[in-house]
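Q: To start, I am sharing the structure in question, which I have written as structure tokens.
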Ligand SMILES: Cc1cc2nc3c(=O)[nH]c(=O)nc-3n(C[C@H](O)[C@H](O)[C@H](O)COP(=O)(O)OP(=O)(O)OC[C@H]3O[C@@H](n4cnc5c(N)ncnc54)[C@H](O)[C@@H]3O)c2cc1C
């Protein structure tokens, strides 16, 4: 049974939507958006044409309608009941550009793939961006998650972030305003990042190329990058590696329905066929329970879980959890 009704929500927005240039899709499939290829519908998806279009939309959207922004879905688990309200997915045309804006500075739209920034930096002899080459997300997701790898992190490179809030007001944030820590920012949760400026340093192209090749080769060997996955399922607890705790608790290869903890990298959850959001989230909580029982450590989800459960298919946080 459908838990959300996009046509009804769209109709409730009235004629104001006729001035929009972006695309509105009721009951949009999130299976098509997420790397897991699982989960329910977005009640109403909006793909703004550009920043002005996004601002216009936010100003006409009633305050009580829930709003969620997604990037390219490489860190998302969508629950089977779907995502109530509006899901904003930035269009590549309006938010996908990457360009040089000064010495060692690159400006990128929020839906620009991370690896495009890495490639632009390499072409122009700018160091400090090779780590982005192996992260399959978008810049918006990287800004929200403080994405990082191979010793590099978004927080080290970003100098200016442009965003729009729930009321449609525009903001510019500095690196300090973003309040970055490991895979976390204190930037208000309602902000939709639209683009950002990054700064690197002069570096020989051959050296950058070699770094990027090393990043790619490493990933191909240790991560199930060709599977339907959401990347690292849990954050590394201080002083520990999540994968090691999961391995020690006997969860490598553990399955629930169509979901499995990868045998190649056991902090990666994979959809091995037709996993539901329920299968994936339940497996995650099973792992948290077993790790807690084995090592007394509470793993925290790195993957963002969105939406509502199907009635009768709710997943409770594991017994030792203090927060969700
Ligand atoms: C195979 C694989 C390998 C991975 N390796 C790494 C890795 O090495 N390091 C790493 O850090 N991550 C890794 N990830 C996880 C993921 O790629 C990153 O977290 C990425 O930054 C998420 O970007 P996204 O566009 O996919 O965001 P989504 O998954 O769509 O969303 C993630 C979060 O970002 C928010 N968000 C997205 N866009 C915006 C925006 N414009 N404004 C505000 N908020 C926004 C969403 O609301 C959500 O909370 C990996 C994932 C996979 C599948």
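Q: Which one of these is modelled with pLDDT of 95 or more and under 28 Å from residue 32 (Cα atoms): 250, 273, 258?
A: 258
Q: Would you mind listing the helices (runs of 4 or more DSSP H) fully within region 131-235 where at least 1 residues are in contact (Cβ under 8 Å) with a residue 40 or more places away in the chain and under 16 Å from the mean Cα position of the chain (by Cα)?
A: Result: 139-145.
Q: Does residue 299 satisfy being in a helix (DSSP H, G or I), at pLDDT 95 or above and touching a strand residue (DSSP E or B) at 6+ places or on another chain (Cβ under 6 Å)?
A: No.
Q: Kindly provide the set of residues from region 236-245 that are more than 16 Å from the ligand (Cβ to nearest atom) and in a helix (DSSP H, G or I), ordered by number.
A: Correct list: 244, 245.
Q: Select, from 175, 157, the only residue that is away from the ligand (no atom under 12 Å from the Cβ), within 17 Å of residue 200 (Cα to Cα) and surrounded by 23 or more Cβ atoms within 10 Å (Cβ to Cβ).
A: Among 175, 157, only 157 is away from the ligand (no atom under 12 Å from the Cβ), within 17 Å of residue 200 (Cα to Cα) and surrounded by 23 or more Cβ atoms within 10 Å (Cβ to Cβ).
Q: Taking residue 193 as the residue in question, decide whether it is farther than 30 Å from residue 274 by Cβ and either surrounded by 15 or more Cβ atoms within 10 Å (Cβ to Cβ) or modelled with pLDDT of 95 or more (or both).
A: The answer is yes for residue 193.
Q: Looking at region 239-251, can you tell me whether even one residue there is at positive phi, crowded, with 16+ Cβ neighbours inside 10 Å and in contact with a strand residue (DSSP E or B) (Cβ under 8 Å, 6 or more places away or on another chain)?
A: no
Q: Among the residues that make up region 80-98, is at least one of them within 16 Å of the ligand (Cβ to nearest atom), under 16 Å from the mean Cα position of the chain (by Cα), closer than 12 Å to residue 30 by Cα and not in a strand (DSSP E or B)?
A: Within region 80-98, none of the residues are within 16 Å of the ligand (Cβ to nearest atom), under 16 Å from the mean Cα position of the chain (by Cα), closer than 12 Å to residue 30 by Cα and not in a strand (DSSP E or B).
Q: Related question: Within region 58-78, is there a residue that is buried (at least 18 other Cβ atoms within 10 Å of the Cβ), more than 14 Å from the ligand (Cβ to nearest atom) and closer than 26 Å to residue 19 by Cβ?
A: Yes, some residue in region 58-78 is buried (at least 18 other Cβ atoms within 10 Å of the Cβ), more than 14 Å from the ligand (Cβ to nearest atom) and closer than 26 Å to residue 19 by Cβ.
The values are calculated or read from the model by the stated rules, or taken from the named source; none is laboratory data. Keep in mind that what you see is a predicted model, and the values were worked out from it rather than measured. So basically every Cβ, Gly included, is an ideal-geometry build from the backbone, and we count neighbours across all protein chains shown.
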